[in-house]
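So that we are looking at the same thing, I have put the structure below in structure tokens.
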Amino acid sequence: SQPMGSWILVPRTRYGDDFLVRQYNEQGARQLVLLGAGMDSRAYRKFAKSDTSSPSSLTTLPELKVFEVDQQTTFDVKE
């Protein structure tokens with residue numbers, strides 16, 4: 001049913017989180033738009049400080065505004 005298996009979610013999530021932190025710190029990105037957000041929890045997550053730091057060394061992105069775009073039924077479940 002899942003050709004790559006569920007294991008792919010961990011490196012894909014870490015890659016996306018590291019990219020977001022890098023853009024926040026180096027490029028001044030302050031907005032994130034999640035299209036088809038589903039049950040993504042990135043708006044509430046703590047992140048590794050850099051792509052080379054340990055996951056035990058966490059930080060938040062206090063100025064980041066997150067916009068989730070999805071179907072109303074998904075938001076009904078999330079609330």
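Every residue in region 43-64 that is loosely packed, with under 10 Cβ neighbours inside 10 Å and either part of a helix (DSSP H, G or I) or touching a residue at least 12 places away in the same chain (Cβ under 8 Å) (or both), please.
Of all residues in region 43-64, those loosely packed, with under 10 Cβ neighbours inside 10 Å come to 44, 52, 54, 56, 62.
Scanning region 43-64 gives a single hit, TYR44.
A further question follows. Would you be able to tell me the number of residues in region 52-67 that are modelled with pLDDT under 90 and out of contact with any Phe, Trp or Tyr (no Cβ under 8 Å at 6 or more places or on another chain)? Write out each step before concluding.
Taking region 52-67 first, the residues modelled with pLDDT under 90 are 52-60.
Remaining after also requiring out of contact with any Phe, Trp or Tyr (no Cβ under 8 Å at 6 or more places or on another chain): 52-57.
Residues flagged as modelled with pLDDT under 90 and out of contact with any Phe, Trp or Tyr (no Cβ under 8 Å at 6 or more places or on another chain) within region 52-67 amount to 6.
Tell me, please, whether a residue that is assigned to a helix (DSSP H, G or I) and modelled with pLDDT of 85 or more can be found in region 26-38.
In the first step, residues of region 26-38 are kept if they are assigned to a helix (DSSP H, G or I); the result is 26-27.
Then keep just the ones that are modelled with pLDDT of 85 or more; that gives 26-27.
Among the residues of region 26-38, at least one is assigned to a helix (DSSP H, G or I) and modelled with pLDDT of 85 or more, which makes the answer yes.
If a residue has to be free of Cβ contacts under 8 Å to residues at least 40 places away in the same chain and either touching a strand residue (DSSP E or B) at 6+ places or on another chain (Cβ under 7 Å) or within 20 Å of VAL69 (Cα to Cα) (or both) to count, how many in region 20-42 make the cut? Please lay out each step first, then the result.
Filtering region 20-42 down to residues free of Cβ contacts under 8 Å to residues at least 40 places away in the same chain leaves 22-23, 25-42.
Those left that are additionally either touching a strand residue (DSSP E or B) at 6+ places or on another chain (Cβ under 7 Å) or within 20 Å of VAL69 (Cα to Cα) (or both): 29-42.
Within region 20-42, residues that are free of Cβ contacts under 8 Å to residues at least 40 places away in the same chain and either touching a strand residue (DSSP E or B) at 6+ places or on another chain (Cβ under 7 Å) or within 20 Å of VAL69 (Cα to Cα) (or both) number 14.
The values are calculated or read from the model by the stated rules, or taken from the named source; none is laboratory data. Bear in mind the structure is a predicted one, so any value in this text is a computation, not a measurement. So basically every Cβ, Gly included, is an ideal-geometry build from the backbone, and we count neighbours across all protein chains shown.
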